[in-house]
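The next block holds one structure in the form of structure tokens; read it before the comments.
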Amino acid sequence: MRKLLFCITMMLTLGMNNSTAYAQSFTRNGKTFKQTPTKGTVKKDTLLTSYTFEDSKGISYPIVINRSSGRCYIWKKSGKTHRLYKMYMKEEISRQICKELGVIYKTK
């Protein structure tokens, strides 16, 4: 039983190592193998705007817009846990910023 469990874990471990090795690309120059950088061209879907939002306490936050949906949000810090979370803007604010930046606002 112990040998069977050991063989299964070894096969899984070797399988994981081999699958990650094929994801990289290499070039060969004589006896030297060189890893080539694989940069994907991914268009960023968010944009940090020059607009700001001021809350009732007087703290201003920069507004971020999602280019694919047109929704706007700010990163706000929680008072209890001190973690960042997204606070989405109302539809009127998002539509106005989209209109001024030339981004299409998509409704569900």
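The values are calculated or read from the model by the stated rules, or taken from the named source; none is laboratory data. Owing to the predicted nature of the structure, the values given are computational and were not obtained by experimental measurement. Glycine gets a Cβ as well: all are built from the backbone with ideal geometry, and neighbour counts include every protein chain shown.
Taking the stretch 75-108 as the search range and keeping residues that are surrounded by 14 or more Cβ atoms within 10 Å (Cβ to Cβ) and among the charged types (D, E, K, R), which one is farthest from Asp55 (Cα to Cα)? Applying the filter and picking the extreme gives Arg95. When the stretch 11-53 is filtered for residues that are at pLDDT below 65 and either assigned to a loop (DSSP other than H, G, I, E, B) or of a type in the set (Gly, Ala, Ser) (or both), the ones remaining, listed by number, are Gly15, Ser19, Ala21, Tyr22, Ala23, Gln24, Lys39, Gly40, Thr41, Val42, Lys43. Exactly one residue among Ser69, Ser56, Ser94 is small (Gly, Ala, Ser) and part of a helix (DSSP H, G or I), and that residue is Ser94.
Among the candidates Cys72, Cys7, the residue that is at pLDDT 90 or above and surrounded by 10 or more Cβ atoms within 10 Å (Cβ to Cβ) is uniquely Cys72.
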